[in-house]
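Presented below is the structure to which this report refers.
The values are calculated or read from the model by the stated rules, or taken from the named source; none is laboratory data. Nothing here was measured: the structure is a model prediction, and the numbers come from that model. Note: ideal-geometry Cβ built from the backbone for every residue, glycine included; neighbour counts use all protein chains shown.
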Amino acid sequence: MESVIVAIDGPSGTGKSSTSKAVAAKLGLSYLDTGAQYRAITWWMIGNGVDVHDADAVADAAGKPVIVSGTDPSRPTITVDGVDASGPIRTEAVTSKVSAVSAVPEVRALITELQRTIAREAEHGIVVEGRDIGTTVLPDADLKVFLTASPEARAARRSGELKGADVRATQEALVKRDAADSSRKTSPLAKAGDAVEVDTTELTLDQVIECVVTLVEEKR
Ligand code: C5P
């Protein structure tokens, strides 16, 4: 199989992670969850008393934690200074602060470099999911997909994942986070000009996976 680089971007709750992992597993590719890296650095900042709303303090601390991502799609892992951070990075405390940390250019520069190194070293190719993969991190990706869905569908999926969280509150938090991610100055959430947009509102997860697998196969 030829090596292939796939960028999957889009706002929260569009099914990026589930789709990206399944596509990578089906095609024998590595997988990278870039949101987990921004969450990991945010978790470290909170734990080390850095005020996440002080961009200078965040920039000064950005190079301190060592973040390592495991790229097996059947068992993605993330460690911070050798400690498994997979659970803590999904807490509300991190989710509510990650957009502030990820907007800091020094943070993005470091994490982008890490992402490019991981993509370069993936022997059989990789599926990388995030917000700015097609536009900034891997502008030469073989395939770029931009997933969308209505805010209602995204909130319903996310509150299902969060085991019964209030749908309205989840939708408000999602819309707020997307607005912050889309309006930041440095590599905002955006669809690359050459990305294929897939609206997942009316599709099942299996249909989205099938659609992306077909798009990858057309590129090979
Ligand atoms: O994908 P996930 O919801 O885990 O991403 C968490 C946050 O990480 C996003 O809301 C965004 O602030 C940041 N992020 C980013 N660039 C990426 C991936 C995620 O800024 N490529």
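Structural remarks
- Scanning segment 177-220 for residues that are surrounded by 12 or more Cβ atoms within 10 Å (Cβ to Cβ), part of a loop (DSSP other than H, G, I, E, B) and more than 11 Å from the ligand (Cβ to nearest atom) yields K191, A192, A195, T200, T201, L203, R220.
- Test for T117: is it part of a helix (DSSP H, G or I), β-branched (V, I, T) and loosely packed, with under 14 Cβ neighbours inside 10 Å: yes
Condition check ((1) within 21 Å of V128 (Cα to Cα); (2) within 15 Å of the ligand (Cβ to nearest atom); (3) part of a helix (DSSP H, G or I)) across all residues:
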position	(1), (2), (3)
V6	yes, yes, no
V68	yes, no, no
I78	yes, yes, no
I89	yes, yes, yes
R108	yes, yes, yes
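- Within segment 119-146, restricting attention to residues that are closer than 19 Å to L27 by Cα and aliphatic (A, V, I, L, M), the residue that is nearest to the ligand (Cβ to nearest atom) is V128.
- You will find that of G10, G63, G15, G35, the residue that is of a type in the set (G, A, S) and away from the ligand (no atom under 13 Å from the Cβ) is G63 and no other.
- Residue list for segment 38-58, filter: without any contact (Cβ under 8 Å) to a residue 60 or more places away in the chain and within 15 Å of the ligand (Cβ to nearest atom): R39, A40, W43, W44, M45, I46, V52, H53, A55, V58
- Unmet requirement for S102, which otherwise passes all of (1) within 15 Å of the chain's Cα centre (by Cα); (2) modelled with pLDDT under 95: (2)
- Scope segment 120-157; condition of a type outside the set (A, V, I, L, M, F, W, C), assigned to a strand (DSSP E or B) and surrounded by 23 or more Cβ atoms within 10 Å (Cβ to Cβ); matching residues: E129, G130, K144
- A85 surrounded by 15 or more Cβ atoms within 10 Å (Cβ to Cβ) and either of a type outside the set (A, V, I, L, M, F, W, C) or closer than 26 Å to S20 by Cβ (or both): yes
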